[in-house]
Amino acid sequence: MKIQILSTTALYLLRFSRKLWLRVALFALLAVLASAAAILLNQHIPNTLKERFTPDAVMPILTILASSMLAVSTFSLNVMVTAHNAAAGQTTPRVHRILLADTTTHTVLATFIGAFVYALSAIILFKSGFYPEGASVLVLGFTVVVVVLVVLALLRWINRLSDLGSMDATLHSIEQEAHHCLVRARNLPALGARCLTASTVLPTDARPLKAPATGYLQLIDMHAISERLKTDQTRVYIYVRPGDYLIKGQTIGHATGLHEDDANTIGQSLTIAANRSFEQDAAYGLLVLSETASRALSPGINDPGTAIAVVCRQEKLLLDWANATPNETSPRFPRLFMPDISRAAMIENAFLGVARDGAGQIEVALRLQDALARLAATPDRDLAEAARDMAQHALEHAELALPLERDKSRLRAAVLSPSS
């Protein structure tokens, strides 16, 4: 399977498609079109149906639908906001952007508001006399379809409300987002470019590339940069990765064989914003999970069970990543050079917070050492080395935080010794 690389335009379209109001607006537009269609298709309705289904038979249904959907939409929006705030309060504020992208919630709210707009527009057309005689037949048909959609949406919403905002559901959402990021990073190392290593030789005539703005690097448009490299003598060396914080004017790479205009255009292929994002930042999901564990270990919450659950999820994510094989063995952009994801950064994003905040709780410290011991045995040498370093770091924290010598002895024995 060929891994797709996001371009800047595709990123904007993806984010635009996840806006809550967009789906609501589309459903509302369809509702208005359905009401207008009754006028256009009126001449095709048999007279027997026109005589049987009069406006008096349809208006009460539309009135009920309009009033009830307005109340349901308002209530559902209030529930969504409350659940999202509760989830952000018990996990991390960074989870809010993940929850806002929930397509189930978007579709349900869009159905409720679309049904309200449809019923209201139909009532207005009836009362203003725009509907011809017999249009009530088609309006009734559309209304039946809308009612079925509302019932299905209610059933989905009831099922969604059972775990909306809960810790388990929130952790699952973060884990899924982190999994997608890690899979993309594993299947396409260095985003399809050649891996930039310490042995890579930089040409003497290379021109420095500067960061065009200050903020977090969210996305590198590899296709746009590659299109500028038209000859075999052109090369671009990028030293940063999505997730790095850049300062305007900072040297972020070098280019050789490019005209000045082309070199300046490379900066426009970088998406820089105030926050990190998940599209190309493989380690960000691990950090969000780690923040959730740190929040659970805070004195005000004191929930080591959640921290242990987070460590288990992170261990699974990293083990799956380490044991996977990249889909593409040759670089997709051979004239581009950039570093692969740092294994040390992955381990640090995942476990540094737990190593520090859970050092004084033996059950958390033991589970962390168990996870790091398994990661230290993975075939990825850099990841294994980073796991061993983190195990020693976590032990040093625990030596200072644990009050009992017995607990310290248990922890020392568990370092890099996974339980069966």
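The values are calculated or read from the model by the stated rules, or taken from the named source; none is laboratory data. Treat the numbers as computed from the prediction; the structure is a model and nothing was measured. Every residue, glycine as well, gets a Cβ built from its backbone with ideal geometry; the counts of neighbours run over all protein chains shown.
Which one is surrounded by the most Cβ atoms within 10 Å (Cβ to Cβ), of the residues in the range 1-21 that are more than 16 Å from the chain's Cα centre (by Cα), farther than 18 Å from residue 98 by Cα and at pLDDT 75 or above?
Per the stated criteria, the residue is 8.
Which numbered condition trips up residue 224, out of (1) part of a helix (DSSP H, G or I); (2) within 30 Å of residue 331 (Cβ to Cβ); (3) free of Cβ contacts under 8 Å to residues at least 24 places away in the same chain?
Every condition holds for residue 224 apart from (3).
Quick one: which residue in 57, 122, 83 is modelled with pLDDT of 85 or more and among the aliphatic types (A, V, I, L, M)?
83
Across the range 257-293, what is the number of residues that are in contact (Cβ under 8 Å) with a residue 12 or more places away in the chain, polar (S, T, N, Q) and surrounded by fewer than 18 Cβ atoms within 10 Å (Cβ to Cβ)?
So the count comes out to 3.
State yes or no: is residue 97 surrounded by fewer than 19 Cβ atoms within 10 Å (Cβ to Cβ), over 26 Å from residue 168 (Cβ atoms) and of a type in the set (Lys, Arg)?
Spelling it out, it is not the case that residue 97 is surrounded by fewer than 19 Cβ atoms within 10 Å (Cβ to Cβ), over 26 Å from residue 168 (Cβ atoms) and of a type in the set (Lys, Arg).
How about the range 195-217: which of its residues are within 21 Å of residue 284 (Cβ to Cβ), out of contact with any helix residue (DSSP H, G or I) (no Cβ under 9 Å at 6 or more places or on another chain) and in a loop (DSSP other than H, G, I, E, B)?
214, the sole residue that qualifies.
Tell me the residue from 407, 380 that is within 20 Å of residue 344 (Cα to Cα), touching a helix residue (DSSP H, G or I) at 6+ places or on another chain (Cβ under 7 Å) and acidic (Asp, Glu), please.
Exactly one of 407, 380 is within 20 Å of residue 344 (Cα to Cα), touching a helix residue (DSSP H, G or I) at 6+ places or on another chain (Cβ under 7 Å) and acidic (Asp, Glu), namely 380.
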